[in-house]
Amino acid sequence: MEAYFDNAATTRVYPEVKDIMIKIMEEDYGNPSSLHMKGVTAEKYIREASEIIAKTLKVESSEIFFTSGGTESNNLALIGTAMAHKRKGMHIISSSIEHASVISTLEFLKDQGFEVTFIGVDEKGIINLSELEAAIRKDTIIVSCMYVNNEIGAVQPLNEISKIVRRKNPEIIIHTDAVQAYGKIPVFPKKTDIDIMSLSGHKIHGPKGSGALYIKNKTLIKPIIYGGGQQKNIRSGTENVPAIAGMGVAAKKTFENFDEKIENIRNIKDYFIKKVTELPEVYDNSGEAPHIASISFTGVRSEVMLHALEDKGIYVSSGSACSSNKKTVSGVLTSIGLPEERLESTLRFSFGEDNTIEQADYAFDVISKLLPMLRRYVRK
Amino acid sequence: MNYKMFLIKYAEIGTKGKNRYVFEEILCKRMRARLKPLGKFEVKRAYGRIYIEAFSEYDYDEVISKLTGIFGIAGICPVSVVNELEYDSIAKELVAFIGREYENKNFTFKMHVRRNNKTFPIESMEMNSRLGGELLDAYENEGLSVDVHNPDVMIDVEIRDSVYIYSKIIPGPGGLPVGTNGKAVALLSGGIDSPVAAYMIAKRGVEIEAVYFHAPPFTSERAKEKVKDLARIVAKYSGPIKLHVVNFTECQLAIYDNCPHDQLTIIMKRIMFKMAEDIAKKDDCQCIVTGESIGQVSSQTTFSLGVINEAVDMDVFRPLIGLDKQEIIDIAEKIGTYETSILPYEDCCTTFVAKHPVTKPTLDLIQKSEKKLEGIIEPLYKEALETVEVINIR
């Protein structure tokens, strides 16, 4: 049996996504900026995709901008906003458990003279709200907090965060990296009062290289890529029409029977966690997100367990897949205060709509057989 | 404009007496093989030299990069060829050649004309002074001057059936052509040292095979890919490498289960060496190559090296034995393996390395521990060797 439990790293594209992308590459390959019919046809795909995505977020389609993925969305959101607002102040607030594409971008902004405050989290990975409130200043221009953490699945209280921010300083731009939230939990930026939101296509069965940014109307932002002025000058460069259309179709499919699918995914996650934590010295670090289980197998290094599972057709991540080629202990797991021996023995199982309870059973069987063997071989 | 011809200088081959012909032939063969995908070239031996003549367009940088990776080449001289044996043609081309080769002409030179073709009417000495004069006429105002004792640039003009003009020497890697000194099995770990050791032995003309010990799930598929990448980089110099991937997991677990932990590395390495020796014998290799350097880790003390060495009869060569880590890194950077070596994938042993391994093992002690493996390790050893995956790296 094969069990792909790495859906937070990436997902398989829906067949309909592949179909529309091939059609665009083979037939409707025009440049959306061209004046002739081929251009008009191409442009229509972009409009359709932004309309679909806008609808799922309950926002205007004019507020959707396409990027090359979550990383670019986060870069544009943070650098673009910082540059546009630096006259008002140069202070930025974020959390200690952000994705590398936020942390590294903030490190860059630090080098450019911005001041960044990272707010700590509790043992469940939830941002400390009173610490946040205390950190907000007159010259704070951005508060950026991820929606769902990619490693443990902690869901941040964005509603409360935005309330606190608005009360203390209504001019602050609120950004959220919603890459792991979109398509997994209800995400409505207007209701939650968020100004800018990053999305990724390949986490919701769309193609890699597709992403989007919701930017609330009239929010000041500067481009980080300059050129032909496409997408209202916010993101120059000929639009990646196949990827954009693919992401649109993926969003549409993702939100069909949404509640039922998510319930199913959550059931698999809960079932798996319940079974696997019955094994001796196996611990659950997971948050509320329906699709992410973070499990520590004390006494087995995560890489060893990962490869042992891989050998049985079970695919998981140690740390987060996007940065797993950097050999560092996870910042998130450290931030939530996991003891040393659990830090290096934690795996992420992330579920998707293709997964089944049978796969969870299979993974459990494999793990319960492997654990005693692997635990015997430790450094002495 | 590209050069029509290159003159290949080689250092040590010249001292090899009767074998010289064989050495030269192998060097030519290596060059032909490397140049083949880049265009139409003829590699030939003439007048006790090796020449490459181009018969098609080619990318100069690509050709030089290929040639500077061939062991046995000491230097590569780009040559301008004059077909008419006329003084005026020679002088004209010489002036043009120096004009093209040196943008800044503020240097000293010496002419070095050889008249091998005695039908050419002007003697060497006279040619030297006349050609030197032509160059001074052309470029003296730009700073060019003559220094016959310690010139910055030696300008060679060889008069044969055609005339060959050259002045620059692009340094080659030196060493001896691979295939002139037998064959070795190199232990590749994925670290910094072992590819450098393999490179250094290949540089002395030795053909390379490699062994990598894979221990899934304790080592990852990526670690194996990394070793393949390293072998590919070394193969750019050494030529094709036959890489043997041994699945070592079962052996390793047996050692772990039966032997004292502080001796694991030593015992493991003794078994690895034996396997390498078996592979070497089967493939007609004469020696084993490792990247060990005295004192780098506990298994590389003189005590440990001695005990490990005892496991095999075959010669084990350790070209890095007296080098410091930084010196090894410098070579790794030069040959291009460093960046790959430092990628952070587990190598085979971190799980199994003891926190406090022995540093002064005695053969007696280790052999006593190995007794505990008798009857257990043999079938695992056999199985590991029978299931070796062979990958041909080019």
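Each reported figure results from applying straightforward, stated rules to the coordinates on display, with no laboratory input. Source: prediction; values computed, not measured. Because the Cβ atoms are built from the backbone with ideal geometry, glycine has one as well, and the counts that use them run over all protein chains shown.
Do you know the relative contact order of chain B, to the nearest whole percent, from alpha carbon pairs under 8 angstrom that are 6+ apart? Intermediate results must be reported in sequence, preceding the final value.
Values: 738 pairs, mean separation 64.8, N = 394.
Once normalised by length, the contact order is 16 percent.
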Using a 7 Å offset from the Cα along the Cα-to-Cβ direction at both B:Asp88 and B:His149, what is the distance between the two label points in nm, to one decimal?
3.9
Spin-label point model (7 Å from Cα, Cβ direction): what's the A:Arg137 to B:Lys168 distance in nm?
5.7
Provide the FRET efficiency to the nearest 0.05 for the B:Lys40-B:Glu12 pair, computing r from the beta carbons and using R0 = 25 Å.
0.25
Treating the angle as unsigned and between 0 and 90°, give the value, to the nearest 10°, between the Cα long axis of helix A:70-85 and the longest Cα principal axis of chain A.
50
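From the square roots a ≥ b ≥ c of the eigenvalues of the alpha-carbon gyration tensor of the range A:1-99, which class results: rounded (a/c under 1.5), prolate (a/b over b/c), or oblate? Don't skip to the end; give the middle numbers.
Values: a/c = 2.53, a/b = 1.27, b/c = 2.00.
Verdict is oblate for the range A:1-99.
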What distance in nm lies between label points placed 7 Å from Cα along the C-beta direction at B:Thr302 and B:Glu339?
4.0
What value, in deg cm²/dmol to 500, does the helix sum -39500 (n - 2.57) over DSSP H runs of n ≥ 4 give at 222 nm once divided by the residues of chain B?
-12000 deg cm²/dmol
Once you list every other residue whose beta carbon is under 9 Å from the beta carbon of A:Ser101, what net charge do they have if Lys and Arg are +1 and Asp and Glu are -1?
-3
Contact order relative to length for the range B:187-250, counting C-alpha pairs under 8 Å separated by 6 or more residues, stands in percent at 45
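Apply 1/(1 + (r/R0)^6) to the Cβ-Cβ distance of B:Lys118 and B:Lys236, taking R0 = 41 Å, and write down the FRET efficiency to the nearest 0.05.
On the way: r = 44 Å, r/R0 = 1.07.
Approximately 0.40, to the nearest 0.05.
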Which order results if B:Ile98, B:Ile329 are arranged by neighbouring Cβ count within 10 Å, fewest first?
B:Ile329, B:Ile98
Between helix B:325-335 and chain B, what is the angle of the helix's C-alpha long axis to the longest principal axis, kept within 0 to 90° and rounded to the nearest 10?
50
Rounded if a/c under 1.5, otherwise prolate or oblate - the protein assembly as shown, Cα gyration tensor axes:
oblate
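Which chymotrypsin sites (Phe, Trp or Tyr not before Pro) does the range A:7-102 hold that lie in a coil by DSSP with at most 14 other beta carbons within 10 Å? Don't skip to the answer; put the middle values down first.
Details: sites: A:Tyr29, A:Tyr45, A:Phe65, A:Phe66; in loops: A:Tyr29.
Listed in order of number, the matching sites are A:Tyr29.
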So how much slack lies between A:Glu340 and A:Val378, counting 0.36 nm per residue of separation and subtracting their Cα-Cα distance, in nm?
12.2 nm
Once amide H atoms are placed 1.01 Å from N in the peptide plane, what residues at a sequence separation of 5 or more from B:Asp152, or on another chain, have their amide H within under 5 Å of its amide H?
B:Thr108, B:Phe109
Under DSSP loop assignment and at most 15 Cβ neighbours within 10 Å, longest GluC sites (Glu not before Pro)-free interval of chain B
B:124-309
Could you line up A:His175, B:His261, A:His36 from fewest to most neighbouring Cβ atoms inside 10 Å?
A:His36, B:His261, A:His175
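Given B:Lys274/B:Lys372; B:Lys66/B:Lys228; A:Lys55/A:Lys88; B:Lys36/B:Lys105; A:Lys18/B:Lys226; A:Lys44/A:Lys252, which pairs have Cα atoms separated by over 26 Å? Intermediate values should be presented prior to the final figure.
On the way: B:Lys274/B:Lys372 18 Å; B:Lys66/B:Lys228 20 Å; A:Lys55/A:Lys88 33 Å; B:Lys36/B:Lys105 36 Å; A:Lys18/B:Lys226 32 Å; A:Lys44/A:Lys252 16 Å.
Listed pairs above 26 Å: A:Lys55/A:Lys88; B:Lys36/B:Lys105; A:Lys18/B:Lys226.
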Identify the residues of the range A:61-100 with backbone N under 15 Å of a label point that sits 7 angstrom from the Cα of A:Lys222 along the Cα-to-Cβ direction, or state none.
A:76-91
Residue-averaged 222 nm ellipticity for chain A, from DSSP H runs of 4+ at -39500 (n - 2.57), nearest 500
-12500 deg cm²/dmol
Read phi for every residue in the range A:156-167 and hand back ³J(HN,Hα) as whole Hz from Karplus 6.51 cos²θ - 1.76 cosθ + 1.60, θ = phi - 60°, with x for Gly and Pro.
7, x, 4, 4, 5, 4, 5, 4, 4, 5, 4, 5
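Give me the net charge for the shell around B:Ala280: Cβ to Cβ below 13 angstrom, other residues only, Lys and Arg +1, Asp and Glu -1. Provide the component values of the computation, followed by the final result.
Values: positive: B:Lys183, B:Lys242, B:Lys274, B:Lys281, B:Lys282; negative: B:Glu207, B:Glu209, B:Glu277, B:Asp278, B:Asp283, B:Asp284, B:Asp313, B:Asp315.
Charge balance near B:Ala280 sits at -3.
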For the range A:15-254, the dipole about the Cα centre with charges only on Cβ (Lys and Arg +1, Asp and Glu -1), to the nearest 20 debye, works out at 640
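So between B:Thr108 and B:Val22, what do we pick up on full extension, going 0.36 nm a residue minus the alpha carbon distance? Kindly include the intermediate steps, with their values, before the conclusion.
Values: separation 86, 0.36 × 86 = 30.96 nm, distance 3.89 nm.
Extending this stretch completely gives an extra 27.1 nm.
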Over chain A, what is the relative contact order in percent, taking alpha-carbon pairs closer than 8 angstrom and at least six residues apart?
24
Could you give me the radius of gyration and the Dmax of chain A, taking only the C-alpha atoms into account and expressing both in angstrom?
21.2, 72
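Could you give the length gained by full extension between A:Ser34 and A:Phe258, i.e. 0.36 nm per residue of separation minus their alpha carbon distance, to one decimal place? Before the final figure, lay out each step's value.
Numbers: separation 224, 0.36 × 224 = 80.64 nm, distance 3.69 nm.
Stretched fully, the A:Ser34-A:Phe258 segment lengthens by 76.9 nm.
Could you please rank B:Thr387, A:Thr105, placing first whichever residue has the fewest other Cβ atoms within 10 Å of its Cβ? Spell out each step's value before the answer.
Details: B:Thr387 10, A:Thr105 24.
So the residues, fewest neighbours to most, are B:Thr387, A:Thr105.
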What is the calculated FRET efficiency for A:Glu16 to A:Ser61, with r their C-beta to C-beta distance and R₀ = 22 Å, to the nearest 0.05?
0.60
